[in-house]
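Step one of this worksheet: look at the structure below.
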Amino acid sequence: MIIAGIDPGLQNTGIAAIEKFDRTYQLMTCDRIETRTDVAFEIRLKTIYDKLTEFIECYLPDQIALEEIFYAQNAKVALKMGHARGVTLLAAANQGVPVSEYSAREIKLSVTGNGNASKHQVQQMICRILNINIASASYDVSDAMAVAYCHSQRLNNRR
């Protein structure tokens, strides 16, 4: 089973695809979609949508796991983040891929065993779980890997 993890954001959206075998996982890809602040808002959203669509078409995930947005400095920021999240959901829906959402706390707990873990701790543990060395990756990317892993664990628990 292929699970895509997405950490949505307007400036940086983390994306990852992992393949789940019986008891092991393999990272297929991970990346970050970046948009520039000097570009029109609607073009930034289109960039996110287009790159997510390309990602989904390339890796053909069976399911997508998405990190919920839980914090915003003000209403304007929250609204813009909601738009980025919306185009993420639209890209998944247009490709017919089901989406599950998880809070940051759920993801941290699944990956590290501690719902209050730091981003650095999550990054270190997800790299250990996937047996990779990408310590230089952004937290957006490691969060995308972590949400994909979290979803795979939830699928195991449902059986």
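Where a number appears in this text, it was derived from the coordinates with a stated rule and is not lab data. Treat the numbers as computed from the prediction; the structure is a model and nothing was measured. Quick reminder, even Gly has a Cβ in these numbers, built from the backbone with ideal geometry, and neighbours come from all protein chains shown.
Considering helices alone, the calculated mean residue ellipticity of the chain at 222 nm is -16500 deg cm²/dmol, with DSSP H runs of length four and up weighted by -39500 (n - 2.57) and normalised per residue. Computed over the chain, relative contact order equals 31 percent, with contacts defined as Cα pairs under 8 Å that lie 6+ residues apart. For the chain, the longest principal axis of the alpha carbon atoms and the long axis of helix 75-94 meet at an angle near 70°. Simple spin-label estimate for Leu60 and Val97 gives 1.3 nm between the two label positions (7 Å along the Cα-to-Cβ direction from each Cα). Taking 0.36 nm per residue of separation and subtracting the Cα-Cα distance, full extension of the segment from Phe41 to Phe21 would add 3.2 nm. When the Cα positions of Asn74, Ser138, Phe41 are compared along the charge dipole of the stretch 2-158, Asn74 comes out farthest toward the positive end, with charges on each C-beta of Lys, Arg, Asp and Glu. Computed from Cα atoms, the angle from the helix 119-129 axis to the main principal axis of the chain rounds to 50 degrees.
Roughly how tilted is helix 139-158, in degrees to the nearest 10 and between 0 and 90, from the longest Cα axis of the chain? Once rounded, the angle reads 50 degrees. For the pair the stretch 35-88 / the stretch 104-159, the C-alpha centres are spaced 20 Å from each other.
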